[in-house]
Structure formats: C-alpha cells, structure tokens
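The values are calculated or read from the model by the stated rules, or taken from the named source; none is laboratory data. None of the values given here were measured: they were computed from a predicted structure. So basically every Cβ, Gly included, is an ideal-geometry build from the backbone, and we count neighbours across all protein chains shown. Ligands, DNA and RNA are stripped out before the accessible areas are found, and what is left, the full protein with its side chains, is counted by its heavy atoms. Shrake-Rupley method; radii C 1.70, N 1.55, O 1.52, S 1.80 Å.
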Amino acid sequence: MCGIVGYVGKKPAQDILLSGLKRLEYRGYDSAGIATLDSEGEAKLARSVGKISELSKVLDEAPQDGNLGIGHTRWATHGGVTETNAHPHHVGRIYLVHNGIIENFKELREELKGYKFASDTDTEVLAALIDSNYKDGTSLKDAVAKSLKRVRGTYGIAVFSPSEPGAIIVARLGSPLIIGLGKDETLIASDASALLGYTREAIYLNDGELAVCTRDGADVFSLDLKHLSVKPETIEGDVEQIQKGGYDHFLLKEIMDQATTLHDTLSGRIKPDAGKMHLGGPNLTEEEMRNIHHVVIVGCGTAYYAGLLASYYMEQLVPDLTTEVVVASEYRYRSFHLPKDSVALIVSQSGETADTLACLREIKKRGVKTLGIVNVVGSTIAREVDGGTYVHVGPEISVASTKAFTAQVITMLMFAGMLAEYHGGDPKLLAEFTRELAILPEEIKKTLDTYRPEMEKLAKKYAKFDHALYLGRDTAYPIALEGALKLKEISYIHAEGYASGELKHGPIALVDDRFFEVFTILDNWLFDKACGGLHEVRARGGKTIVLTNSKADIEADDIVRIDSPIKLLTPLLLNTLQQLFAYYVAVDRGNDVDQPRNLAKSVTVE
Ligand code: G6P
C-alpha cells in the first residue's frame, strides 16, 4: 500500500526510481509517478494512472535527466484514482511524495489561502504547507520540520526543492522510511526490498525523525532539529528472493518455496531427538515463562487465521493456558482488559499493518509484554515489541499471504512448545509435535509436488462457480477460513469459511448449484462429526470437494487424499493444497494473481 523511493547520487535517477517502484508493485497501488531534478536545476514530473508500465510509456516519450529524484506508487485514500491525485505533488518550490494520512488536512487547507489546489489529496496540502514555511533564509529541512509539527496523522515523506539541489529531506511518523547508504549515492525506500542489490547498509528512520539525504550519506534530526547520532543497520535478503525464479507468478513461487523457507523458520529452533523447541527472541526469564497463563494473539487477515490455528495447538500443549485470538481492527477500539499474567503475540508478515500496530501500542499501555511474530526484519512492529521471533521466510511479494501463514503458525507453535515445559505439558505430545515439525518442510514439498497437477485439474473444473463454502472442524476450522479467504482474494469467487458444526445454523440454506463446498476432514477423533456436515450438504445436492488425510470411505464429488506420517500438523499440509487450488482458479479466470484488484500487501492506513 503506497510506496516511496528516492535517489541522490551520480547515476541517472529515472531508471533507479522506476526499478525501485517496480520492486514495490506488490504492495498494491493504482497510480504512480516520479519527479527528478536535472543538472541545470530544472525539475520534471511524470505521473500516470495504472501500472508502472504506463508510467514507463510516459517516460519513454519524455525521458527525465538528472541524478536526484523521488517516486511513488499511490493507493487511493483521499480522492479518486486520477493523474492529478497521483504523487509526487508539486506546489511552489516543493516536490513531495507521501505515505500515510494527514488527518487535519482540511483545516490546514483553509489556512493556506494563497494556494490553489489541483488535487483532492491531503498530500498536496502538506506540500503547500511546506512551501509556505519555506521562506527566504529558511532551509528546506527547517521548513519541513516546522510543517510536520502542525500535522496530525501519519506520514513517511520524501521532499526536494530545485532551490536546494543535491538534497532530499525525508521524515517519518507511523509509516516506514529507510535510507540506503551506498558509495557516492543514497537511496530512499519505504520498503527494504527496493534497496536490495544497491546496498546492505541502511538507516531505519524512527517515528518523529527527519533526515537530510545527499549523495554522501544522511544526517538524522529530531523534529526539534537536534542532530541525532544513528548507527546504520544491515539489510537482509538478496535480489534472487524478490524474483520469480522460473515461476509464472510470485504466488506460485511462494507456495512452492515453502519447503525451503520453513527450513529457515525452524533452523536452530527445534531439537527432535530431545523432543524440545526453543526460540531465542522472546527473551523471557524462566519466572516470566512460568507466570504466563493467558495469551492474546492479534492479527489481521491471514495473520489472524494463523493465530487462530496456533491457539488450538497452544491449548493442546499448555494445560493451564487461556488463549484469545483477536482481529486487530476491532480490538484496538475495545475496552479490553488483560490479566497481569498475559503475554501478547503480535502477528504480522509485513510488520507494518496499521491496526495491528495500534493494538501493539494499546497493549503496551496496559503494561503487558508483547512479542512479535513478524517476517519483515526491521519493520515497525518488530522494532516496537518487547521481544519476539522473526518467521524468516524471506520477502513475500504476492499480495495474498501463503508461506508466511505456515511459518507464523509453526513459530507460535514453537513458543507454545517452550511454554509447555514450564506448565506441565505432556512431554510425549511435545515430542510428537517436535518430530512432526522436523519433517514438515519435506512433507510439504512432497504434498505440493504430488498433488499440484491434481489441484490444477480440480481448479479448472470449479473455476466457473460463483460461490464457495469452506468447512472444517477443530484445527481444520481455521484452515477453512484461510482457504475461503485465499480463494476470494485472488479468484474473486465469493467464498465463506465456516466451522462445519455451524452448517445447520445458516450456511446450509445456501447450498444450490451455484455453490461448491470444500470440506477439510482430518483423520482424528472428530472424523465422524466432520463427515456429518458433508453428508448433509450432499443430501441437498451440493457439489463437494474433500481434502483429507483419512483412508476411510468418504463420498464426495472430488476427493484429494494425502498420505503422510504427519498427523497433528495435517491442517498445514492440506492448506497448501487450498493455496494451489486458489492459485489455479485465479489463473483460469485470467486474474492478476500477484496483485489482485483493490488489495494491498501491507495495509498501513486504517
Ligand atoms: C493484507 C494482506 C494479507 C495479510 C493482511 C495482514 O490484507 O493482503 O495478505 O494477511 O494484510 O498483513 P500482515 O502484514 O500484518 O500480516
């Protein structure tokens, strides 16, 4: 959701900005633009609605010279998707790109009487505010700082002015901004993936900080203009990780890559021989571990469903633990109370989701320890939690989350495994979970390789339907929710997930020939009950697909049976089949699989 790039150095800025914007495409956007400053001190602006390829066409017609520039991908919030609303915004002597929302922009616009506004955006108002403070004798840095003190809301910004060539001012409050330090060049990005291949050294700006970037590096200040000494950090990852590696789409690559990425998630964290799990990141003393009796898990979308599945496993492993799984957008505004013996798990692939971040801050206010289950290293949530564990699956580019889901579940499971040791958990069960974790990457690989052709065939058969119900019981219930979410996100088929025990309480009324039903049925003590729902749907003529690890007789229109020594973690294996199914349905329907309409990878505004 909205991306910022910037460059100041010796190379042509236009190409670097465009390739940076392409790297950020996955975040979701609906327009894009760049502004550059040439050696004569002349600034040029190009913007277009639609994909970066549209912007490239504009730039092919009218290339922009210069070794300094800023770029942006916009996801509309204030004002429609038009070229005038796209960034960069140019007002007076100011060129500006902005992520976030200026909440008091109407009030500020009223005050800025001398300005005529071309767009409906809050960003143009901020550009005007900076321009109004950029009087003779004032530096751009001072003008930006003065303006930002007037702003209510969130921002990550990059600004330049032809009056001060050679410098880009950046600042952040609630929206990430990273400064890459190269040799004779400085890069700016809202997401580290845009910096990969250019430099490994970076400054992650904190909220309330501003920096002056030149090709020689960056000077960081507080908004009160106190100079801050900042130690650069190392960016993880490499360029291969953000390329498709022979697959048609990032989504398929990320599904198929799970075997490898889960190795990284598990690496050094499980001891199958000893039947133990260990995470270093939570940083809790033995006494603190012993005192935890309540875990609240917070997330949005797929991260929320990962939390839901993990909560089942936690309850199985830790006998005296109460778990609560909450949707961040709701929880942040509830008058919630947390017992003193609580710990909060903040689950987020990007580490930037606005609602999840807001919950983290609310929970911290209540004095409860927060642990991050995060993928993006150095992200805001990762930096603000008290402790936590990176899931280490590498960049997830496709908007729909796949490999992060699996890794989030097993990371929380490993946390539960640690807790179990201090809470009288059954050592046999702990050993069983550990054994299954150790073989999970290989079993996922086998499952994906074996059933991929079958899932493709099945997808072709069901791609023409308008509606789907996903049903599951016990640990297959969160998987039903996640399966339905995946299908609707990328295929646009209307899909709902339900606990199969809820069928009779409403959804069964929907069963007709426009629907198909996906049942995830586990070979466990609830098998017969899980099949009950299936029979009810079939009796009403429903078209059914069953995903199962059971060898028992099951009647359905289509059955995919996996055969694996994995038992407890079967939902994770079956979920990878759902991921493939959703992928192939979306391909069959001709959709933009990696960047589905209206969705953003990282939802940094409410
Ligand atoms: C968006 C993405 C989802 C993701 C959710 C939470 O909706 O499209 O794929 O699950 O945000 O994101 P997070 O980065 O916090 O896990």
Quiz item: If you go through the stretch 107-128, how many residues are of a type outside the set (Gly, Ala, Ser), in contact (Cβ under 8 Å) with a residue 12 or more places away in the chain, over 16 Å from Ser31 (Cα atoms) and open to solvent by 10 Å² or more (accessible area, probe 1.4 Å)?
Solution: 3
Quiz item: Name the pairs whose Cβ atoms lie under 6 Å apart, with the first residue in the stretch 581-606 and over 20 Å from Ser190 (Cα atoms) and at pLDDT below 95, the second open to solvent by 20 Å² or more (accessible area, probe 1.4 Å) and within 14 Å of the ligand (Cβ to nearest atom), and 6 or more positions between them or separate chains?
Solution: Pro596/Glu489
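From the set of residues in the stretch 354-364 that are at pLDDT 95 or above and touching a Ser or Thr at 6+ places or on another chain (Cβ under 8 Å), which is farthest from the ligand (Cβ to nearest atom)? It would help to see each step written out before you state the result.
First pass over the stretch 354-364, keeping only residues at pLDDT 95 or above: 355-364.
So of that shortlist, the ones also touching a Ser or Thr at 6+ places or on another chain (Cβ under 8 Å) come out as 355-357, 360, 363-364.
Details: Asp355: 8, Thr356: 5, Leu357: 9, Leu360: 11, Ile363: 15, Lys364: 17 Å.
Looking at residues that are at pLDDT 95 or above and touching a Ser or Thr at 6+ places or on another chain (Cβ under 8 Å), I get Lys364.
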Quiz item: Looking at the stretch 343-353, is at least one residue away from the ligand (no atom under 11 Å from the Cβ), at pLDDT 95 or above and of a type in the set (Gly, Ala, Ser)?
Solution: yes
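So is Leu308 at pLDDT 95 or above, open to solvent by less than 30 Å² (accessible area, probe 1.4 Å), over 29 Å from Gly590 (Cβ atoms) and within 16 Å of the ligand (Cβ to nearest atom) or not?
Spelling it out, Leu308 is indeed at pLDDT 95 or above, open to solvent by less than 30 Å² (accessible area, probe 1.4 Å), over 29 Å from Gly590 (Cβ atoms) and within 16 Å of the ligand (Cβ to nearest atom).
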Self-check item: Candidate set from the stretch 401-413 (those that are closer than 11 Å to Gln349 by Cβ and not aromatic (Phe, Trp, Tyr)); member that is nearest to the ligand (Cβ to nearest atom)
Solution: Ser401
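Return the residues of the stretch 25-50 that are more than 16 Å from the ligand (Cβ to nearest atom), within 19 Å of His78 (Cα to Cα) and not hydrophobic (A, V, I, L, M, F, W, C); say none if nothing qualifies. Can you show your working first?
Initial filter on the stretch 25-50 (more than 16 Å from the ligand (Cβ to nearest atom)): 31-50.
Those still in the list that are within 19 Å of His78 (Cα to Cα) too: 31-33, 47-50.
Of everything in the stretch 25-50, those that are more than 16 Å from the ligand (Cβ to nearest atom), within 19 Å of His78 (Cα to Cα) and not hydrophobic (A, V, I, L, M, F, W, C) turn out to be Ser31, Gly33, Arg47, Ser48, Gly50.
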Quiz item: Is it the case that some residue within the stretch 290-301 is free of Cβ contacts under 8 Å to residues at least 60 places away in the same chain, within 16 Å of the ligand (Cβ to nearest atom) and open to solvent by 10 Å² or more (accessible area, probe 1.4 Å)?
Solution: no
